[in-house]
Amino acid sequence: MIFRHRKRYIPITPKEAPDIKKDLWQKCPDCNKLIYEGKLKENFKICPHCGYHFRLTTKEWINLIVEPGTFEELDANIVSVDPLEFKGPKTYKEKLEEERKRTGLNEALVYGRAMIGKTPSVLSILDSNFIMGSMGSVVGEKFVRACELAMVEKKPIVSICGGGGGARMYEGLISLMQMVKTSQVVGKLKKTKTLYISVLTDPTMGGVAASFAFLADILIAEPKALIGFAGPRVIEQTIKQKLPHGFQRSEFLYQHGMLDQVVPRSNLKQTLTKILTIFAPSQ
Amino acid sequence: MSEMQRKYLDFEKPLEEIEKNISELREIKKRKNVDNQLQITQLQQLFREKTKEIYANLTAWQKVQVARHPQRPRTSDYIDGLIEQFYEFHGDRIHGDDPAIIAGIGKFRSKSVAIIGHQKGKDTEENIKRNFGMAHPEGYRKALRIMKIAEKFSFPVVTLVDTPGAHPHIEAEERNQALAIASNIYQMSEIQTPIIVIIIGEGGSGGALGIGVGDKIAMLEFSIYSVISPEGCASILWKDQKAVKEASEALKLTAPELLKLGLIDEIIKEPSGGAHSQSQEMIRTLGDYIEKNIAELSSIEINALLEKRYEKYRNMGFYKIENQEIL
Ligand SMILES: [Zn+2]
């Protein structure tokens, strides 16, 4: 096995996104009701009316499940290039620049060492806010490095996954190959007895779902998250009908035996801690 | 020129004209017993030259059309032409059999092989039966089942990729299309027997990759392989389904471009007017490619082969490291 770790310890500093909405009210995308922003923040960003879990940022995820001050980001400086010299209405470079400014992130995936409960772990977060959490070369590379780190340090890997964009169009087939790259490492996790927990968040679709996101030992999803392979609009065009309410949502997947558990955000840290404890080597 | 009624694509119109003229001359020759053979021969020569000229300068979008040509040889044609005593397997042992994927074993030039491919129809009726080569989870699971059998007996696996994509449907989602594809990708990276993947027509995204991981990845000269269809890309990025030409260029989905990016290993040459113009020649060429590569891969010790397979994908990706301190 070859590990390509060039160890660099870069503390996470997701810059505060400059254009944070100043609106005091937010509209729930699921039930369309208005929610006072302060109320939303108090409640783990869960809609008090319908229980929809608003999408979190990378920083919010870290705050939610990692012991304070223990997250140590790695490889933050791996950034995308434009291998296809993509010529669209917007170039890839323009799109990247825009997303960086908007999210304060370098790329869609952030990973590093983290204490979750009492277990030193490797945490990987795919942020659906950055080009829809789509997977290009950097996401693929960083996820594999996260797994390699977990194997070297004999720690479990927890992946929070919001990969709504699937494989990233701007990198063409290179993105599709990231599905292989991130899936095949799962075999190494198995051989090294490295626990892999995947938490699917809204939305996780296409090439992300059909690769590393679904290949974990334990699959957990947030309530009402959109998860699946084909996008709902594509399916609607194919069947020429409206899809039933709740289709491709976590609860639907759970009913069809595709998930171990649907865990509300308020219980996520507790649930992860419990699982990690069970798998931790006995003292 | 083939005997069957050839369907001409828009940019092949000049060829259609010439062919029309040739058949008219033949008709006259037969009816009036005129000796116009010289004219016919000249036109045939012109047909060949024009074919070469057109096919030497295809745009990305034109290649998409060639890759989707209704008369392009299908998986079943390659099986018929190359595999003796083909035995087809059916079903995933769980839910059903998926006609969009053909999977079986047989003798290829005296060696036992497993061969698996998406099957598009040759006509409307077969297309409906085959679901236009768009597989359900059962198809991927059947494919994996046959690969496991091949592994057990150390038969090399050949997969032929030709699909617009995995089937986008309620039922496919209910039976976990995402996991069916993910499992195949993961397991193919570990199957302990050589795997040769050939894109024979349309390599449509995850649906293609579900049988597309291997030691050698080849593409027919005018096939395409893409993360998304040009139509899908056009409607998402250009907000205009008609921007397919621009999207096809931007996606770099042609064989030469993908070879240059290091994502495929080899381009298999097509007859000068595309695989559909001379299917027998195409089938032979593809057979030769398979023969050569089975020989090459079979000579590599299996653990070394698997390590090589892993490294190949491990190294795919383009990125840079910003502000790297020189240590
Ligand atoms: Zn709501």
DSSP bridge orientation in the protein assembly as shown - percent antiparallel, rounded to nearest 5: 45 percent
Exceeding the 26 Å Cα-Cα cut-off - candidates A:Lys188/B:Lys107; B:Lys216/B:Lys269; B:Lys111/B:Lys252; B:Lys32/B:Lys122: A:Lys188/B:Lys107; B:Lys111/B:Lys252; B:Lys32/B:Lys122
Those trypsin sites (Lys or Arg not before Pro) in segment A:232-283 that DSSP places in a loop and that have at most 11 other beta carbons within 10 Å: A:Lys240, A:Lys242
B:Asn21-B:Asn36 pseudo-label distance in nm [points 7 Å out on the Cα-to-Cβ vector]: 1.1 nm
Cysteines without a disulfide-compatible neighbour (Cβ-Cβ under 4.7 Å), chain A: A:Cys147, A:Cys161
Translational diffusion of segment A:13-127, µm² s⁻¹ [Kirkwood Rh, Cα pairs; Stokes-Einstein; 37 °C; 0.692 mPa s]: 200 µm²/s
Chain B: Cα Rg divided by the 2.2 N^0.38 Å rule of thumb: 1.09
Within a Gaussian network of chain A (alpha carbon springs, distance under 10 Å), most fluctuating of A:Met135, A:Met115, A:Met258: A:Met258
Label-to-label distance, nm, for residues given as A:Leu24 and A:Glu98 (7 Å Cα→Cβ offset): 3.2 nm
Calculated P(r) of segment B:10-57 - Cα pairs past 18 Å, %: 34 percent
Equivalent ellipsoid semi-axes - Cα gyration tensor, segment B:197-327, angstrom: 27, 26, 12
Dimensionless Rg/Rh of segment B:71-154 - Kirkwood Rh, Rg from C-alpha atoms: 0.98
Acute angle (nearest 10 degrees) that the helix B:137-152 long axis makes with the longest principal axis of chain B, alpha-carbon atoms: 70 degrees
Footprinting exposure proxy for A:Asp82, A:Asp127 (fewest neighbouring C-beta atoms within 10 Å first): A:Asp82, A:Asp127
Folded to 0 to 90 degrees: helix B:302-314 orientation relative to chain B principal axis, Cα: 80 degrees
Euclidean distance between Cα centres, segment A:52-89 to segment A:213-283, Å: 20 Å
Cross-link partners of B:Lys13 among lysines (Cα-Cα below 21 Å; sequence separation of 8 or more within a chain): B:Lys50, B:Lys52, B:Lys63, B:Lys245
Span per principal axis, largest first, for the Cα atoms of segment B:235-295 (Å): 46, 28, 15
Order by protection proxy (mean Cβ within 10 Å, highest first), peptides B:74-81, A:149-156, A:104-111: A:104-111, B:74-81, A:149-156
log10 of Debye I(q)/I(0), alpha-carbon scatterers only, for segment B:54-100 at 0.13, 0.19, 0.21 Å⁻¹: -0.55, -0.80, -0.85
Value of D in µm² per second that Stokes-Einstein yields for segment A:213-255, Kirkwood Rh from Cα pairs, at 25 °C (0.890 mPa s): 215 µm²/s
Taking N as its residue count, the alpha carbon Rg of segment B:1-156 over 2.2 N^0.38 Å: 1.42
Euclidean distance between Cα centres, segment B:155-198 to segment A:152-185, Å: 17 Å
Kirkwood hydrodynamic radius (C-alpha pairs) into Stokes-Einstein, segment B:169-230, 10 °C and 1.306 mPa s, D in µm²/s: 126 µm²/s
Computed log₁₀ I(q)/I(0) - Debye formula, equal Cα scatterers, no solvent, segment A:90-244, q 0.09, 0.18 Å⁻¹: -0.29, -1.05
Rg ratio (alpha-carbon, reference 2.2 N^0.38 Å) - the protein assembly as shown: 1.03
Three-way shape label, chain A, alpha-carbon gyration tensor, a/c 1.5: rounded
Segment A:185-267, Cα convex hull volume normalised per residue, Å³: 95 Å³
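Read the figures in this text as sums done on the coordinates, not as results from a lab. Just so you know, these numbers come straight off a predicted model, no measurement behind them. Ideal geometry is used to build each Cβ from the backbone, glycine not excepted, and the neighbour counts take in all protein chains shown.
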